[in-house]
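Asker: Below: one structure in structure tokens.
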Amino acid sequence: MSKNIHDLAKSLRKGKASVGRIPEPQPFHSSSITTKMRERTSVWLLIEALHQNKLDIAESILLQSNLTDTERLLLRGINEAWKEEYQRAENLLTRASSQAIGVDKCWAHLELATLYQVQEKNDLVDFHISRARRYAREDRQDRQCMQASVELLDVRVDIERGASRRALKTIFEILEECTDSYLKGIANYLLGCLGRFQEEIGEEIEGYGLPTPKEALERAYHIFHTLDDHYFVALTKLELASYVEKTSDASELANWASKQLKLLGRSRESSIAEVKAKEFSQKLQQELKVAKETKTRTSSDDRVGQCLFISAPMKAIRFKLNAIAAADNDPVLILGPRGSGKEMLAQAIHMLSPRSHGSMLAINCGALPENLVESELFGYEKGAFTGANTQKKGLFELAHGGTILLDEIGELPATSQSKLLRVLQTGRFRRVGGTVEVVTNARVIAATNRDLDMMAREGTFRDDLLDRLSVWRLSIPPLNRRREEILPLAEEFLARYGDGKFSFDNSAKKFLLEKDYPGNVRVLENDVRRSIGNAKAAETYVISASMICEDFDYLPELAANSRNLGRETVRINSSETTKIPSFDDIPNYEEAMLSFERELLIRALVVCKWNKKLASTALGMSERTFWRAVQRHKLHSRPDDVEED
């Protein structure tokens with residue numbers, strides 16, 4: 001070999017590829033690197049220069065003065081194939097294959113097989129691989145490396161055709177016998193590509209004692225990074241992207257590979273990388289969207305699911321909620337007035353617990369007749385009673401691995417209380433009419449608005465059952481004691497039932513904040529749903545205080561009456577024609593306005609149960625102006641001529 005080639009080989013050893021972020025490779029000690037071929041033959045040097053994107057060195061190799069015509073044809077063909085000038089490459093390599101001898105003839109057929117593989121000409125691929133295999137055996141000096149090169153190309157073909165077992169066997173033989181580090185790197189890379197057939201050949205990979213596809217890719221990356229092979233580093237990182245846990249890292253790897261392959265002029269591989277990068281990017285966007293929705297919908301400092309924790313009493317509950325959720329075998333007793341959100345809190349506990357992947361089933365113990373409660377909770381056997389034609393599983397059985405909510409536990413019949421106590425103690429029960437014990441692993445959350453302590457003292461509720469249920473106790477205050485949550489809850493109900501189209505004006509917000517809620521959150525929800533219906537009837541998307549009232553129609557009626565004072569309106573063909581009144585029909589302005597104002601005040605006071613503060617809010621008047629109007633009409637108390645609605 002000339003001195004010039006030696007100098008070119010040394011220049012290829014300088015510098016390393018910038019490979020960006022990559023997972024640390026598994027500990028791996030490769031065999032001694034055999035570089036004789038790359039130092040001795042122009043073909044290996046050209047391939048190495050192209051893979052390192054050192055085009056000036058590649059050009060110098062092509063212009064060597066000591067090349068034979070056949071060698072020059074071969075090198076030019078390889079160079080044109082790398083530039084994806086396939087027709088020109090085919091012509092040059094075909095001429096080289098007919099003229100060359102020995103290892104050059106093997107290379108020519110090997111490159112032609114690679115060329116036809118890209119063009120998906122399978123018959124020609126098989127033909128040239130067989131010819132390359134034949135001439136590789138005839139090469140005395142570098143038989144092992146040339147044979148391994150041919151077999152590795154055959155493995156790539158097998159992978160594309162789905163012949164995974166045959167490819168795996170060949171890879172095993174190459175890794176066992178070949179000593180060239182570069183070829184070992186390619187073998188590990190191809191083993192990583194076999195990861196797409198993991199389910200099919202996973203046991204065989206273990207049987208051969210080979211590394212997993214991910215480990216093989218990490219080994220390949222280590223080798224190619226050491227050899228500064230930009231091309232195979234990019235391909236290896238692209239395959240590794242499928243094994244990275246975080247989608248963001250996978251997307252970054254695929255994008256880097258795409259850019260690197262584009263810099264190398266590999267449009268085919270870079271387009272494949274772009275498609276893969278796009279898939280990871282879309283997956284990442286979807287994950288971010290789901291994570292954002294989940295965070296909004298599920299868990300934060302002031303919200304878990306649909307349960308808000310804004311007020312001081314609810315923040316105190318939130319403070320210990322994670323601990324309660326983590327102790328997922330302990331029963332929980334939730335106390336609170338009707339409509340205060342006990343079921344929402346139970347769902348929050350379930351969502352935060354390790355059982356969140358399981359079902360949460362609920363039953364209202366007070367909504368079922370006594371003879372049906374047990375069959376709903378524990379199920380029944382076929383023939384247990386009239387109409388039991390098949391076996392039925394109960395909620396405790398269906399909620400295995402999840403959570404069961406026993407709402408209105410204070411209404412549970414005495415006979416069912418004893419059976420529930422046994423389930424809490426042993427985790428076992430029998431179906432109605434059955435003799436076989438069923439094991440359940442369901443967490444019990446009980447809720448009630450009754451005073452169970454008093455019921456236990458009176459003997460209407462088992463005190464030992466109360467003790468079992470009270471491992472954790474949570475008391476939800478009424479909505480009137482957590483007014484900070486009124487508007488957030490109202491806005492949430494408005495978005496849920498109004499499709500995000502409606503909004504509250506200031507009078508409505510003030511009305512909601514000052515209103516009493518004897519039914520707690522349930523009443524607030526009903527108020528919002530009613531206000532949406534009233535807003536639709538009024539053909540507006542802005543909800544005022546009056547629309548929240550049960551007797552919303554009084555305001556438009558009175559307004560219409562005021563407009564029609566002293567005139568007659570005749571409707572003809574859906575159009576209005578106003579008849580001009582006579583002079584005698586016109587009422588006194590001040591008397592008419594005073595009469596209208598009195599009627600308006602009375603209607604507002606009746607609707608608001610003579611709560612003057614609420615009435616002023618409903619009318620959109622300041623309290624001072626409203627009070628003056630009340631004094632003017634002497635409406636400090638209900639007049640005798642006014643009846644309640």
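Asker: Scan V606, V570, V642 and give me the residue that is modelled with pLDDT of 80 or more and among the aliphatic types (A, V, I, L, M).
Answerer: V606 is the lone residue from the list that is modelled with pLDDT of 80 or more and among the aliphatic types (A, V, I, L, M).
Asker: Something else: Can you name every residue in the stretch 236-264 that is small (G, A, S) and either touching a His at 6+ places or on another chain (Cβ under 9 Å) or more than 22 Å from L190 (Cα to Cα) (or both)? Even if it seems obvious, please write down each step before you answer.
Answerer: The first filter runs over the stretch 236-264 and keeps only residues small (G, A, S), leaving 241-242, 248, 250-251, 254, 257-258.
Selection gives S248 alone.
Asker: Scanning for something at pLDDT 85 or above and either open to solvent by 60 Å² or more (accessible area, probe 1.4 Å) or farther than 17 Å from R131 by Cβ (or both), does the stretch 99-106 turn up at least one residue?
Answerer: Taking every residue of the stretch 99-106 in turn, at least one turns out to be at pLDDT 85 or above and either open to solvent by 60 Å² or more (accessible area, probe 1.4 Å) or farther than 17 Å from R131 by Cβ (or both).
Asker: Would you point out which residue out of E218, E274, E252 is within 30 Å of D56 (Cβ to Cβ) and at pLDDT 85 or above?
Answerer: E274
Asker: For residues that are open to solvent by less than 10 Å² (accessible area, probe 1.4 Å) and either at positive phi or not aliphatic (A, V, I, L, M) (or both), tally how many sit in the stretch 433-451. Talk me through it step by step, then tell me what you get.
Answerer: Looking only at the stretch 433-451, we keep the residues that are open to solvent by less than 10 Å² (accessible area, probe 1.4 Å), and these are 443-448.
Subset that is either at positive phi or not aliphatic (A, V, I, L, M) (or both): 443, 448.
The total comes to 2.
Asker: Could you grab me the full set of residues in the stretch 510-551 that are within 21 Å of G341 (Cβ to Cβ), open to solvent by 70 Å² or more (accessible area, probe 1.4 Å) and of a type outside the set (K, R)?
Answerer: Across the stretch 510-551, the qualifying residues are D516, P518, N526.
Asker: So, in the stretch 349-364, how many residues would count as being closer than 26 Å to P413 by Cα and hydroxyl-bearing (S, T, Y)?
Answerer: 1
Asker: Restricting the search to the stretch 493-534, which residues are assigned to a helix (DSSP H, G or I), of a type in the set (D, E, K, R) and without any contact (Cβ under 8 Å) to a residue 40 or more places away in the chain?
Answerer: Step one: list which residues in the stretch 493-534 are assigned to a helix (DSSP H, G or I), which gives 493-498, 506-514, 521-534.
Add one more test, that the residue is of a type in the set (D, E, K, R), and what stays is 496, 509-510, 514, 522, 525, 527, 529-530.
Within the stretch 493-534, R496, K509, E525, D527, R529, R530 qualify.
Asker: From the list R161, R137, R166, which residue is open to solvent by 70 Å² or more (accessible area, probe 1.4 Å) and under 21 Å from R268 (Cβ atoms)?
Answerer: R161
Asker: Among the candidates I174, I186, I129, single out the residue that is crowded, with 22+ Cβ neighbours inside 10 Å and touching a residue at least 40 places away in the same chain (Cβ under 8 Å).
Answerer: Just a single option satisfies the conditions, and that option is I186.
Asker: What number goes with the only condition from (1) touching a Pro at 6+ places or on another chain (Cβ under 9 Å); (2) at pLDDT 85 or above; (3) among the aliphatic types (A, V, I, L, M) that L194 does not pass?
Answerer: Checking L194 against (1) touching a Pro at 6+ places or on another chain (Cβ under 9 Å); (2) at pLDDT 85 or above; (3) among the aliphatic types (A, V, I, L, M), the one that fails is (2).
Asker: Can you report the number of residues in the stretch 445-469 which are in contact with a His (Cβ under 8 Å, 6 or more places away or on another chain) and not aliphatic (A, V, I, L, M)?
Answerer: 0
Asker: For the stretch 337-372, what are the residues that are more than 21 Å from D451 (Cα to Cα) and part of a helix (DSSP H, G or I)?
Answerer: Within the stretch 337-372, Q347, A348, I349, H350, M351, L352, P354, R355, S356, H357, N371, L372 meet the criteria.
Asker: Further question on the same structure: Looking at the structure I just gave you, is I324 open to solvent by less than 20 Å² (accessible area, probe 1.4 Å), closer than 22 Å to L421 by Cβ and not in a helix (DSSP H, G or I)?
Answerer: In short, no.
Asker: Taking the criterion of being among the hydroxyl-bearing types (S, T, Y) and open to solvent by 60 Å² or more (accessible area, probe 1.4 Å), would at least one residue in the stretch 345-353 satisfy it?
Answerer: no
Asker: Something else about it: Among the listed residues N79, N91, identify the single one that is at pLDDT 85 or above and either open to solvent by 70 Å² or more (accessible area, probe 1.4 Å) or part of a loop (DSSP other than H, G, I, E, B) (or both). Reasoning before the result, please.
Answerer: Working: N79 fails: either open to solvent by 70 Å² or more (accessible area, probe 1.4 Å) or part of a loop (DSSP other than H, G, I, E, B) (or both).
It is N91.
Asker: Going through the stretch 197-213 one residue at a time, which ones are open to solvent by less than 20 Å² (accessible area, probe 1.4 Å) and modelled with pLDDT of 80 or more? Lay out the reasoning, then the answer.
Answerer: To start, the set of residues in the stretch 197-213 that are open to solvent by less than 20 Å² (accessible area, probe 1.4 Å) comprises 201-202, 205, 211, 213.
Within the stretch 197-213, P211, P213 qualify.
Asker: Quick one: how many residues across the stretch 373-397 are surrounded by 15 or more Cβ atoms within 10 Å (Cβ to Cβ) and either polar (S, T, N, Q) or not in a loop (DSSP other than H, G, I, E, B) (or both)? Break it down stepwise before answering.
Answerer: Pass one, the stretch 373-397, residues surrounded by 15 or more Cβ atoms within 10 Å (Cβ to Cβ): 373-381, 384, 388, 392, 394-397.
In the following step, the residues that additionally are either polar (S, T, N, Q) or not in a loop (DSSP other than H, G, I, E, B) (or both) were identified as 373-380, 392, 395-397.
Residues that pass the stated criteria total 12.
The values are calculated or read from the model by the stated rules, or taken from the named source; none is laboratory data. Please read these numbers as outputs of a predicted model, since none were measured by experiment. Because the Cβ atoms are built from the backbone with ideal geometry, glycine has one as well, and the counts that use them run over all protein chains shown. All accessible areas refer to the heavy atoms of the entire protein, side chains included, with ligands and DNA or RNA removed. Shrake-Rupley method; radii C 1.70, N 1.55, O 1.52, S 1.80 Å.
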